[in-house]
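Input: a single structure, listed below in structure tokens.
The values are calculated or read from the model by the stated rules, or taken from the named source; none is laboratory data. Predicted model, so just to flag it, every value in this text is computed and none were measured. Methodologically, a virtual Cβ is constructed for each residue, glycine included, from the backbone with ideal geometry; neighbour enumeration extends over all protein chains shown.
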């Protein structure tokens, strides 16, 4: 269990706003880290550009687009009627999948972890949503 997740003894699920805030914070931190790596690489760069930096810059741009899309989706979800417990569980699973992906875990390792709390079909749907780029 991640240290930021509520323990079962706390007895409450995360609200959509809390999930959104956590996802945004995680992705913003990842974007900052990636930009710092890119900046450091440019400072140390030789006269000819390294091809890996262009790819990394593209990935940072795609990550920023995904952060924006997640924020819009979470804002839209917060405006809807109260969500069912299963919907909140899926959002929590998405946040956990993002955290594990940012930590460098493979799709299989993430799927194994998520399968402890949700059905295999739902795990695949969450992974497809989170890991598609």
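Just a few scattered comments:
- Complete set of residues in the stretch 44-61 that are assigned to a helix (DSSP H, G or I) and either under 19 Å from residue 102 (Cα atoms) or modelled with pLDDT under 80 (or both): 44, 51, 52, 53, 55, 56, 57, 58, 59, 60, 61
- Whichever residue in the stretch 94-105 is without any contact (Cβ under 8 Å) to a residue 24 or more places away in the chain and in contact with a helix residue (DSSP H, G or I) (Cβ under 9 Å, 6 or more places away or on another chain) and, among such residues, is farthest from residue 23 (Cα to Cα): 105
- The stretch 1-24 - residue that is within 11 Å of residue 91 (Cα to Cα) and part of a loop (DSSP other than H, G, I, E, B) and, of those, modelled with the highest pLDDT: 15
- Residues in the stretch 106-115 that are more than 21 Å from residue 34 (Cβ to Cβ), in contact with a helix residue (DSSP H, G or I) (Cβ under 6 Å, 6 or more places away or on another chain) and in a helix (DSSP H, G or I): 111, 114.
- Filter result for residue 71 (at pLDDT 90 or above, within 29 Å of residue 12 (Cα to Cα) and in a helix (DSSP H, G or I)): no
- Odd one out for residue 118 among (1) closer than 16 Å to residue 130 by Cβ; (2) at pLDDT 90 or above; (3) not in a helix (DSSP H, G or I): (2)
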